[in-house]
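Input: a single structure, listed below in structure tokens.
Just so it is clear, none of the values below were taken in a lab; they were calculated from the coordinates. As the structure is a computational prediction, the values presented were derived from the model and not from experiment. Cβ sites come from the backbone with ideal geometry, for glycine too, and all protein chains shown count toward neighbours.
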Amino acid sequence: MKNLFVKIAAAGMLMLAPAIAQAAEGYSTANVNMRAGPSTRYPAVAVIPAGSSVEIRGCLSDVNWCDVEFYGGRGWVSGQYVQALYQQRRVYVGPQYYRPLGIPMIRFSVDNYWDRYYRNRDFYRDRDRWSRGPDYYYRDRDNRDRDRDRDRNNRDRDRDWRDRDGRGQDRDRDRNRDWRDDNRRDDRRDNDRRVFDCRPGDPSCDP
């Protein structure tokens, strides 16, 4: 029975061993942004001061970015700004040190990661666009900005056209008014001339 308990305890320790190796102690080497994804184009979620301690939870195998924990928050930092203790010396975290440091290689998914850590963040509502990658997000945003600028320009042109058309109608009304005024003045001059030229008994003055 005693041997059975020993075997169970040993098996339990073996099962816990990978979990214990799921993080490594690291240190930031500069004031660095902790971001919502493994790229400088993802939103910044915190600033890690130089020399601060971080827990490295995992790193990507294809690019040197690591998922770190800092004061209970989670985010991504480039390995070129994080050092870890390896064989009594500090080394920058890179793929060649992942295994010796006990850092697992992981993958990044906006949906899973943001659902877990960023539900209360403003950028979370745009996760569908971010899930296609930061390049797509910024390209989509640029396209939306261009569409908005084009709509604004179209509205400005329409307003200018209406203003010009309104001024043209005003000019037409002014010309018509001037023409009528000129005709009235001509009629008054003719009447005045006829009254002035007429003499009593002149048949041309008869109405």
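Quick notes on this structure:
- Each residue of region 35-52 was assigned a 3J(HN,Hα) from its phi angle through the Karplus curve 6.51 cos²θ - 1.76 cosθ + 1.60 (θ = phi - 60°); the sequence is 10, 7, x, x, 6, 5, 8, 6, x, 7, 10, 6, 10, 9, x, 4, x, 6 Hz, with glycine and proline shown as x.
- Neighbours of residue 61, meaning other residues whose beta-carbon lies under 12 angstrom from its beta-carbon, give a summed charge of +1 when Lys and Arg score +1 and Asp and Glu score -1.
- Placing a label point 7 Å from the Cα of residue 80 along the Cα-to-Cβ direction, the residues of region 24-53 whose backbone N falls under 19 Å from that point are 27-44, 48-51.
- Full extension of the chain segment joining residue 61 with residue 92 gains 9.7 nm, where the gain is 0.36 nm per residue of separation less the Cα-Cα distance.
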